1. If you scan segment 52-73, which residues turn out to be assigned to a loop (DSSP other than H, G, I, E, B) and either aromatic (F, W, Y) or modelled with pLDDT under 95 (or both)?
2. Considering only residues that are aliphatic (A, V, I, L, M), closer than 15 Å to R103 by Cβ and in a loop (DSSP other than H, G, I, E, B), look in segment 150-175 and name the one that is least open to solvent (accessible area, probe 1.4 Å).
3. What pairs come up if the first residue lies in segment 76-89 and is within 17 Å of R103 (Cβ to Cβ), the second is aromatic (F, W, Y), and their beta carbons are under 8 Å apart, counting only those six or more places apart or on different chains?
4. Please verify whether segment 133-145 includes one or more residues that are closer than 18 Å to L8 by Cα, at pLDDT below 95, exposed (fewer than 15 other Cβ atoms within 10 Å of the Cβ) and more than 14 Å from the chain's Cα centre (by Cα).
5. Somewhere in segment 1-16, is a residue in a strand (DSSP E or B), of a type outside the set (S, T, Y), surrounded by fewer than 19 Cβ atoms within 10 Å (Cβ to Cβ) and at pLDDT 95 or above?
6. Picking from A98, A82, A126, which residue would you name as being surrounded by fewer than 19 Cβ atoms within 10 Å (Cβ to Cβ) and within 23 Å of M1 (Cα to Cα)?
7. Test A113 against the stated conditions and say whether it is assigned by the TED database to the domain that holds A126, part of a helix (DSSP H, G or I) and either open to solvent by 60 Å² or more (accessible area, probe 1.4 Å) or free of Cβ contacts under 8 Å to residues at least 60 places away in the same chain (or both).
8. When you go through (1) at negative phi; (2) surrounded by fewer than 17 Cβ atoms within 10 Å (Cβ to Cβ); (3) not assigned by the TED database to the domain that holds W135 one by one for P93, which number turns out not to apply?
Amino acid sequence: MTTYVALLHSVVLGPGKRLAMADLKAMVAALDFGDVRSWVATGNLIFEGEDAPLPAIESRLEAAFRTRFGKHVDIILRTAQAWRRLAAQNPFPDGNSADIGIRVMRSPLSPDALSMLGRIATPGIALALADGDLWIDFGGKPSETKLLSHLTTKKLGIGTLRNANTVNALAAMLD
């Protein structure tokens, strides 16, 4: 069995509709995955299943989500081993974890994307790539920077942003 970490991008179903984590966990369990657990109500899951290519599992999860909830949501998957490595690669370990984010990517970002974002970032924001994922030390509240509007699927490809607190909490759940 392999343990997986799944991150859903934008789990708001529509105006006034929110996704209950219990419903999401039930959907994953119905796909014959086991020991399904969630971390807070923002679309972070851990579960176990047979070893399979990540794109195949992502596709199964996305199709099930669309069928069950009527909306497409991008789902990014990592194995437990890859997630632990991701958490350990935080290039800003001394920063404020709430102000450090990582855009976990389905396909690795290129150094060109890092250069483009570096030209947009205001002073005080630090950027780094680790295995194609984008780490950002916002140097303050992420919501107070214009950089967020550039961290989109249209500009960077499929991915989702999590803060270092969430990254570390998920890593701890794997132990």
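The values are calculated or read from the model by the stated rules, or taken from the named source; none is laboratory data. Bear in mind the structure is a predicted one, so any value in this text is a computation, not a measurement. FYI the Cβ positions are ideal-geometry reconstructions off the backbone, even for glycines, and counts take in every protein chain you see. Heads up: the accessible areas ignore ligands, DNA and RNA and are worked out on the full protein's heavy atoms, side chains in. Shrake-Rupley method; radii C 1.70, N 1.55, O 1.52, S 1.80 Å.
1. Taking segment 52-73 first, the residues assigned to a loop (DSSP other than H, G, I, E, B) are 52-53, 70-73.
Within segment 52-73, G70, K71, H72, V73 meet the criteria.
2. If we take residues in segment 150-175 being aliphatic (A, V, I, L, M), closer than 15 Å to R103 by Cβ and in a loop (DSSP other than H, G, I, E, B), then L151 is least open to solvent (accessible area, probe 1.4 Å).
3. Listed by first residue and then by second, the contacts come to L77/Y4; R78/Y4; Q89/W135.
4. So far as segment 133-145 goes, no, none of its residues is closer than 18 Å to L8 by Cα, at pLDDT below 95, exposed (fewer than 15 other Cβ atoms within 10 Å of the Cβ) and more than 14 Å from the chain's Cα centre (by Cα).
5. no
6. Details: A98 fails: within 23 Å of M1 (Cα to Cα); A126 fails: within 23 Å of M1 (Cα to Cα).
Checking each option against the conditions leaves just A82.
7. Numbers: assigned by the TED database to the domain that holds A126: yes; part of a helix (DSSP H, G or I): yes; either open to solvent by 60 Å² or more (accessible area, probe 1.4 Å) or free of Cβ contacts under 8 Å to residues at least 60 places away in the same chain (or both): yes.
Considered against the rule, which asks whether it is assigned by the TED database to the domain that holds A126, part of a helix (DSSP H, G or I) and either open to solvent by 60 Å² or more (accessible area, probe 1.4 Å) or free of Cβ contacts under 8 Å to residues at least 60 places away in the same chain (or both), A113 comes out as yes.
8. (3)
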